[in-house]
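**Student:** Quick one: the structure is below, questions incoming.
The values are calculated or read from the model by the stated rules, or taken from the named source; none is laboratory data. A quick note: this is a predicted structure, and the numbers were derived from the prediction, not measured. Cβ atoms come from the backbone with ideal geometry, glycine included; neighbour counts cover every protein chain shown.
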Amino acid sequence: MNKTTTPLQKAMENAGKKVKSRKIPEKKQSKGKDLCTPDNCYYPPNLYLSDKDFPGIENFAVGQKVQLAISVEVTSMNLREENGQKRVNCDLKLTEISDITPKKGA
C-alpha cells in the first residue's frame, strides 16, 4: 500500500470476495387514512450530494444507476422497542466516497 492509499481504498482491496450487499426495500406507503407506522410504511434513505461533496456527480444523469463505495463515521445510535420489535437506527457522517461504477465496455 502506498502513502496515498485512503482507508476506503484499503478496505476495498482487503474486502476481496467477502463483500456482501443488501438491496434496500422498495418504498411502502400506508393505504387510505391509516397512520404511517413502521409496520405499514417505509421510505428508503436518500443521500444528498453537491459537487462540493463529490465532484464526480457532474457526470451523473437522472435515472442512471451508479455504484458508490463510502466510508462513514457513526455519529449516533438509537435503539427502541415498537410493538414488541426492536428497532435500531443511526446517523452516519460521510467521510469518503468513490464512484466504482464499471466503465462502459469494460
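**Student:** In region 5-30, how many are of a type in the set (Val, Ile, Thr) and at pLDDT 75 or above?
**Tutor:** Residues meeting the conditions: 1.
**Student:** On to the next question. Select from region 65-106 the residues that are of a type in the set (A, V, I, L, M) and over 15 Å from the mean Cα position of the chain (by Cα) and list them in ascending order.
**Tutor:** Scanning region 65-106 gives MET77, LEU79, VAL88, ALA106.
**Student:** Here's a follow-up. On the given criteria, is VAL66 of a type in the set (A, V, I, L, M, F, W, C), in contact (Cβ under 8 Å) with a residue 24 or more places away in the chain and either in contact with a helix residue (DSSP H, G or I) (Cβ under 9 Å, 6 or more places away or on another chain) or under 30 Å from ALA15 (Cα atoms) (or both)?
**Tutor:** So VAL66 passes the test.
**Student:** Could I ask something else about it? When residues of region 69-84 are filtered for being loosely packed, with under 12 Cβ neighbours inside 10 Å and in contact (Cβ under 8 Å) with a residue 40 or more places away in the chain, how many remain? Can you show your working first?
**Tutor:** Taking region 69-84 first, the residues loosely packed, with under 12 Cβ neighbours inside 10 Å are 73-84.
Pick out the ones that are also in contact (Cβ under 8 Å) with a residue 40 or more places away in the chain and you get 82-83.
Total satisfying the criteria: 2.
**Student:** OK, next. State which residue is surrounded by the most Cβ atoms within 10 Å (Cβ to Cβ) when the search covers only region 29-64 and only residues that are hydrophobic (A, V, I, L, M, F, W, C) and within 22 Å of the chain's Cα centre (by Cα).
**Tutor:** The selected residue is PHE54.
**Student:** Which residues, counting only those in region 67-101, are among the hydrophobic types (A, V, I, L, M, F, W, C), part of a strand (DSSP E or B) and closer than 19 Å to ASP53 by Cβ?
**Tutor:** Hits for region 67-101 are LEU68, ALA69, ILE70, VAL72, VAL74, LEU92, LEU94, ILE97.
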